[in-house]
1. Give me the log10 of I(q) over I(0) for the stretch 631-707 at q = 0.20, 0.22 Å⁻¹, as the Debye formula computes it from C-alpha points; what are the numbers?
2. How much area per residue is accessible in the chain when the probe is 1.4 Å and only protein heavy atoms are counted (Å²)?
3. Give me the number: length gained by fully extending SER565 to ARG755, i.e. 0.36 nm times residue separation minus the C-alpha to C-alpha distance, one decimal in nm.
4. From the Cα trace of the stretch 316-473, what convex hull volume per residue do you get, rounded to a whole Å³?
5. Using just the C-alpha positions of the chain as equal point scatterers, what log10 of I(q)/I(0) does the Debye formula give at each q in 0.06 1/Å?
6. Give me the number: length gained by fully extending ASP174 to GLN191, i.e. 0.36 nm times residue separation minus the C-alpha to C-alpha distance, one decimal in nm.
7. For the stretch 457-601, what D do you get in µm² per second when you plug the Kirkwood radius from alpha-carbon pairs into Stokes-Einstein at 4 °C and 1.567 mPa s?
8. Using a 1.4 angstrom probe on heavy atoms only, work out the carbon and sulfur share of the accessible area of the stretch 138-182 in %.
Amino acid sequence: MGAYTVIGKKTPKSDAIAKVTGEARYATDVYLRNMLWARVLRSPLAHARIVRIDTAKARALKGVHAVLTAADVPDARYGALVLDMGIFARGKVRYIGEAVAAVAAADEETAARAAELIEVEYDPLPAVFDPLEALAPDAPIVHEGLAGYTTLFERTARAMRGNVNYQAEILSGDVEAGFAASDVVFEDTYQVQKQHPSYMEPNSTVADVDAEGRLIIYNTTQRPHINQAILSSLLGVPIAKIRVVPCHVGGGFGGKNRTLTEPTAAALALKTRRPVRLTFSHEEEFTSATTRHGGVIKLKTGVRQDGTLVASQVSLYYDCGAYAPTPNAVWIGAISATGPYRIPHVQVEAFSIYTNKMMSGAFRGYGAPQSTFARESQMDRIARELGLDPIELRLKNCLVEGDRLHTGQPLHSVQIRETLLKAREMVGWKGPRLGPNRALGVACGIFACGGFATSSIVKMNLDGTATVATGAMDMGQGLRTVMRQIAAEVLGLAPDDVTAVIGDTDLTPFDVGIFGDRGTHTAGQAVKLAAEDARDQIVASAAASLGVAADRLVLRDKKVVDQTSPDRFLYLRDVLGGGQYKKGGPVIGKASINLTEQAFDPEIVRGAATKMFSTYTFATHVAEVEVDPLTGVAKVDKITAVHDCGTVINPDGLRGQIIGGMATGLGYALYEDVIIENGQVQNPSFLECRPPTAVDMPAIEFATVEGFDEKGPFGAKGVGNVSVINIAPAIANAVEHAVGARVTSLPVTPLKVLRALGAEGG
């Protein structure tokens, strides 16, 4: 760590003015000459054979330029780790809302009318909607050919069988011996709901074919380079013939980490040789996009009388819906299932299970909010029944530097204890009771941070400024600004001297996508290394010109300065301008990294969806909640958050991430629930599935603990996901402390509170 010129300083977001003035271009702002409008025909049934599709009437309608079904596109499947989904349903439909056909027409009205004219005959099949019921031997099978699907992970005994598309097992220590050595054993079952990411901008793509026959995609996405690869595999078009031009993202939160509108729009554009726009309606967002995984979590934990955690057995049953876009979320749920605690004997079994419902996918927290809700709820039960203070129980068991996670992975940069101590001090935890029906609730969390492949290029310009190119996407979290800060710090520039080019697959090197707190930590590290490569080239050239050793030179204030004699310097413009023509050519720094270089211990872990993550982030949240025992309404008055996120790159960006994470967690805790009955979404709108608004937001106080992660740029880690995962259990714990009502399923609604009070004689 050290004194920085740019790092840690408040830096305005580079796209702020464009967004405030309306100049920022989103995918829905893209209008091209001769553009056609697309509409998708979707299944009205949860599970059925497709007997016949007749598109004749739709094709005959004036203004219709193309009608496509599965018969008109290659028989190819795609997915993140399980390749199970095609552009259109082929042979049968698996959920209400699945795409069966699509049309491209001269205007929206004609496209809608044409879709209505497509005739589809179905043969209904038995359906399954509950993940536990889907595990039964006689349950309807969602994917009959599951065993033959391509997977990108190690298959365990139960994976790709029946309705299980993914299974992970973690076994460390001797669980049965641990339970035998425990004084008390606690067993609980928790349920979690589907939650929509609630981004304001719907999924949208405009696809075009240029004069050279290249497919051009304008879209809203978190992963442009992966979209490019998926389109190539689905449509049989070489990657070099596809350009993805991502627009500003009007909210992603994981929900734009999925290829949804792009394949259909691209197939129609290739068919018509005209630009085609496909934008989801908000109803389609709630029926045909992705949500957070719902499911069931079973916990059995053995504890000594003094509160020492001895053994834990965890079963995670995550409902992935009809397709499995992100089994990795289930794997991260398994990693987070023990919380940030030292437990000698652990057994975790995690399942991703098909049902005939809309898909579950990536969403902020990425599988950890579910298991964290269960773990932290049970931690409070343990504290209550053993007569222990909830924070003291957590302090007694929390991980410290050098401990191993239950996966066997050695941990570095661990400061969960420090976050607990600071949070306790900030809220006055041991002070007098806040008042009748008002209490504090605490929860701690761990989240896998960073990793996966990325790369960056830093190009030095003739005037001493720099251009950074990265495939990592800015979704509104301020990544573009962070990249500018990182490069500026290395190169001795101001952030305004650096331009960041992001996402465009023609202009940027590869990045796997922004998810899992890997933006600042991993993509930022690639930018730092590329900038250091450029810096070293500059220093070598300047050293030759000045006749001094390179290790005497530093870059600052757009100059190359001799540290031993600060009056001796060269302006960057002189090194890069006239000098570069005769001293090696233009300065271009580059870096390609993959921070998932070490695998988990195969003796402990089976079926890991990914290799080892680069590091872990930690946080403690305390919620102050008042509950009306007559109505069951819980009102969150304040949330206090303390994060272990390493070095802070941009304080304003950190603040935005934490507040945004709290809003997501608040909705998960109290309000949001995508209700599905017999496969049909009952509340497909923001009005009926209401996220928290400004009037619902509590007072917020946050802090960080000083830290430095050796694998992150300037010691930085992520904060976007760990800011979400603790909110729901902290609120649920506060509700119980306030009125004695323990709610074991989310969201914590007034009705559930009243039922819990009635069950306990309140």
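The values are calculated or read from the model by the stated rules, or taken from the named source; none is laboratory data. Because the structure is predicted, anything quoted here is derived from the model rather than measured. Every residue, glycine among them, receives a Cβ derived from its backbone with ideal geometry; neighbour counts consider all protein chains shown. Quick note on the areas: whole protein, heavy atoms, side chains included, nothing else; ligands and nucleic acids left out. Shrake-Rupley method; radii C 1.70, N 1.55, O 1.52, S 1.80 Å.
1. -0.92, -1.02
2. 36 Å²
3. This chain segment gains 60.8 nm when fully extended.
4. So the per-residue hull volume is 215 Å³.
5. -0.38
6. That pair, ASP174 and GLN191, stretches by 3.4 nm at full extension.
7. Rounded to a whole number, D works out at 82 µm²/s.
8. Of all accessible area on the stretch 138-182, carbon and sulfur atoms account for 52 percent.
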